[in-house]
Amino acid sequence: MANTTVDLDHALAVATDLAIQAGEQLLTRARERITPSGAQLTIAQKLNAVDLVTEADEDAEKVIRNGLKKHFPDHAFVGEESYGQGMPNNEYIVGDEPTWVVDPLDGTVNYIHLFPTVCVSIGLCVGGVPVVGVIYAPFFGAAYPPDGSASAAPSGHLFTAIQGRGAFISSDGGKSRRALPLQSPAPPIPPNAPKGCTLAVEWGKDRRDVPGGNLERKVNSFWNLAGEIGGRNGKGGMVHGVRSLGSATLDLAFVATGAIDIFWEGGCWEWDVCAGICILVEAGGIVVDCNPPEGFDPSVSSTTPIPAAPLGGRRYLAIRPCSDSPESSETAREAQDRLVREVWKRVEGVTYSRPGL
Ligand code: IPD
């Protein structure tokens with residue numbers, strides 16, 4: 001479906017205003033919690049003791065939903081909190097019509113603990129593809145002004161993109177912006193990657209401690225990617241560092257900046273990744289399935305292009321933007337696919353699925 005029916009500049013402007021509004025509301029509530037009178041946060045459990053929602057998530061979603069409805073009354077809306085109340089079977093419902101896909105607060109556990117990797121994520125899909133992405137991380141700016149001083153103006157990190165028009169970061173609410181990735185030209189992927197790469201992973205919410213369960217598969221995969229070369233029965237990847245930010249959205253945003261080389265995760269949802277995928281792809285990155293395809297043979301080298309991950313597939317492997325190799329004929333895309341295959345060699349497939357896909 002063509003994008004001509006939606007004014008993407010207008011969509012970006014509205015989404016940016018709403019992301020900042022919701023993000024600043026989250027920040028104000030956090031500041032209230034650290035005043036001497038100590039306002040409380042109401043927390044409720046969803047599927048288990050680590051799947052949580054606060055009234056701050058719900059209020060932020062209302063602000064965004066009402067704002068989008070006012071400007072785009074005909075567009076569909078999928079928001080983490082309202083979806084959770086109406087979709088017990090977790091069906092994938094993003095269709096071809098313009099659909100806003102929103103996580104009002106990605107990193108809810110962080111927010112509860114006042115850990116700053118928290119953001120608002122607003123994506124617009126047309127034809128099932130993310131075409132606008134806005135992420136606002138309110139705590140990355142002047143989050144905590146000294147006691148007694150006035151609140152700072154919005155200064156969090158704002159990541160934005162429109163399909164075909166590049167990706168940007170701003171720390172003054174979008175008044176001035178810088179293109180992503182941060183380094184231009186983006187460095188090539190090292191020939192011996194994943195050695196030397198930064199890796200972001202998430203522990204997720206499936207904590208069932210059973211043999212062959214997702215928790216065990218994830219931990220084995222982290223271990224393989226981190227272990228020394230020659231260790232782990234030849235799977236050791238010796239990545240430079242493993243990071244777990246507690247926000248899949250921000251993991252993708254940092255892959256778009258180039259600060260994180262690889263993001264490997266199973267279990268999150270379209271609202272966690274929609275805006276991030278738009279921004280990362282516009283910056284020059286790729287997002288594919290975190291599981292190797294059936295029949296994948298790690299000993300066979302291949303240059304067949306790897307398809308993009310479906311938005312709602314719950315399994316994502318993202319690789320940062322890069323340049324063509326100056327030393328060989330390898331293109332940037334071939335290098336990204338090479339790194340995907342190197343990651344697939346070392347991971348254990350996770351078992352997240354989705355009705356409707
Ligand atoms: C969660 C975060 C986390 C990821 C989970 C998500 P929430 O989103 O993105 O990093 O591992 O799968 O559900 O619940 O904080 O919005």
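The values are calculated or read from the model by the stated rules, or taken from the named source; none is laboratory data. In this text, all values refer to a predicted model and were calculated from it rather than measured experimentally. Glycine also receives a Cβ, built like all others from the backbone with ideal geometry; neighbour counts cover every protein chain displayed. The protein model used for the area step is the full one, side chains on, heavy atoms only, and it has no ligands, DNA or RNA in it. Shrake-Rupley method; radii C 1.70, N 1.55, O 1.52, S 1.80 Å.
Rounded, prolate or oblate: which one fits segment 8-179, using the alpha carbon gyration tensor with axes a ≥ b ≥ c (rounded when a/c is under 1.5, else prolate when a/b beats b/c, else oblate)? Verdict is oblate for segment 8-179. So what's the net charge close to residue 101: Lys and Arg +1, Asp and Glu -1, counting the other residues with Cβ under 10 Å from its Cβ? After counting each charged neighbour, the total is -4.
Shape class for segment 203-251: oblate, because the ratio a/c of the largest to smallest gyration tensor axis (alpha-carbon atoms, square roots of eigenvalues) is 1.5 or more and b/c is at least a/b. Solvent-accessible surface of segment 8-179, averaged per residue with a 1.4 angstrom probe and all protein chains in place: 45 square angstrom. Positive end of the dipole of segment 8-179 (Cβ unit charges, origin at the Cα centre): among 78, 171, 89, the Cα lying farthest that way belongs to 171. Taking Cα atoms only, the orientation of helix 8-33 departs from the longest principal axis of the chain by about 70 degrees. Between 200, 124, 277, the Cα set farthest toward the positive side of the dipole of the chain (charges on each charged residue's Cβ, about the Cα centre) is that of 200. Rounded if a/c is under 1.5, else prolate if a/b is larger than b/c, else oblate: which is segment 94-210, with a ≥ b ≥ c the root eigenvalues of its Cα gyration tensor? Here segment 94-210 falls in the rounded category. Ordered from largest to smallest accessible area (heavy atoms of protein chains, 1.4 Å probe), the residues 140, 115, 263 come out as 115, 140, 263. About the centre of its Cα atoms, the chain shows a dipole size close to 580 debye [charges on the beta carbon of Lys, Arg (+1) and Asp, Glu (-1) only; nearest 20 debye]. Fully extending the segment from residue 45 to residue 175, taken as 0.36 nm per residue of separation minus the present Cα-Cα distance, adds 43.0 nm. Exposure check, 1.4 Å probe, all protein chains in place: residue 303 carries approximately 120 Å² of accessible surface.
Per-residue ellipticity at 222 nm, computed for the chain from helices alone with -39500 (n - 2.57) per DSSP H run of at least four residues, works out to -9500 deg cm²/dmol.
Dipole check for segment 17-116: with +1 at the C-beta of Lys and Arg, -1 at the C-beta of Asp and Glu, and the Cα centre as origin, the magnitude is about 400 Debye. Accessible surface for residue 265 stands near 10 Å², nearest 10, in the context of the full protein assembly shown (1.4 Å probe). For the peptides 189-196, 69-76, the ranking by mean Cβ contacts within 10 Å, running from highest to lowest, is 189-196, 69-76. Length gained on full extension, residue 153 to residue 17: 47.6 nm, using 0.36 nm per residue less the C-alpha separation. Among 217, 65, the sequence by solvent-accessible area, most first, with a 1.4 Å probe is 65, 217. A probe of 1.4 angstrom, applied to the heavy atoms of all protein chains, finds residue 301 with accessible area near 110 square angstrom.
Which net charge results when you count Lys and Arg as +1 and Asp and Glu as -1 among the other residues whose beta-carbon is under 10 Å from that of residue 117? Taking every other residue near residue 117 into account, the sum is -1. Which one of 243, 333, 320 has the biggest mean-square fluctuation once the chain is modelled by GNM with Cα springs under 10 Å? Comparing 243, 333, 320 in a Gaussian network model of the chain, the most mobile one is 243. Filter 46/69; 175/205; 62/218; 46/218; 46/235; 70/175 down to the pairs with a C-alpha to C-alpha distance above 28 Å, please. From 46/69; 175/205; 62/218; 46/218; 46/235; 70/175, over 28 Å: 175/205; 62/218; 46/235.
Taking K and R as +1 and D and E as -1, what net charge do the other residues with C-beta under 10 Å from the C-beta of residue 193 add up to?
Net local charge, residue 193 excluded: 0.
Take the alpha carbon atoms of segment 186-209, find their center, do the same for segment 291-357, and report the distance between the two centers in whole angstrom. One Cα centre to the other: 12 Å.
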